[in-house]
1. Among the residues of the stretch 12-45, which ones are of a type in the set (D, E, K, R) and under 15 Å from V88 (Cα atoms)?
2. Using beta carbons and a limit of 7 Å, which pairs, at least six apart or on different chains, have the first residue in the stretch 47-65 and without any contact (Cβ under 8 Å) to a residue 12 or more places away in the chain and surrounded by 12 or more Cβ atoms within 10 Å (Cβ to Cβ) and the second one among the aliphatic types (A, V, I, L, M) and not in a helix (DSSP H, G or I)?
Amino acid sequence: METLSVLWTNWVPVLGATLSRSMEYSCDRVAQALTGQTGADAMMAGTVGRHLYRYVDVHDYVVNIRRDRGVLAKVAYAFVNLLADHPVIDRRITALLCPSQSIGSLIGRITSKQR
């Protein structure tokens, strides 16, 4: 039954991509829990290559990508992330390094204050 719902959401452009992105975040978090590692090194290896990732400061990478940009760049970034079936890599890394933030959650986290 779940497979049919996933197939249906793929026909709705934004909904299918949103579901796919949330599944990617879930897979990242499961891998993080199973390996006991942050997963940021694996993300960087996939981004810059298996030889160069050791030389990249992950926190500096995320800060530089998210630094203040022009309005057009912000709109393009949001548009690409909205329609992409995989989240942009800096959002995936941020979700892995800062799980307390709501990045990567489809609806948002329910805290004890909200219950």
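None of the figures in this text is laboratory data; all of them are computed from the coordinates on show. The model shown is predicted, which means the values in this text are computed figures rather than measured ones. Every residue, glycine as well, gets a Cβ built from its backbone with ideal geometry; the counts of neighbours run over all protein chains shown.
1. Let us first name the residues in the stretch 12-45 that are of a type in the set (D, E, K, R), namely 21, 24, 28-29, 41.
R21, E24, D28, listed by residue number.
2. Note: pairs meeting the criteria are V48/V56.
Conditions (1) surrounded by 10 or more Cβ atoms within 10 Å (Cβ to Cβ); (2) free of Cβ contacts under 8 Å to residues at least 12 places away in the same chain; (3) assigned to a helix (DSSP H, G or I), marked per residue:
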position	(1), (2), (3)
L19	yes, no, yes
S26	yes, yes, yes
V30	yes, yes, yes
Q37	yes, yes, no
A42	yes, yes, yes
R69	yes, yes, no
L72	no, yes, yes
A76	yes, yes, yes
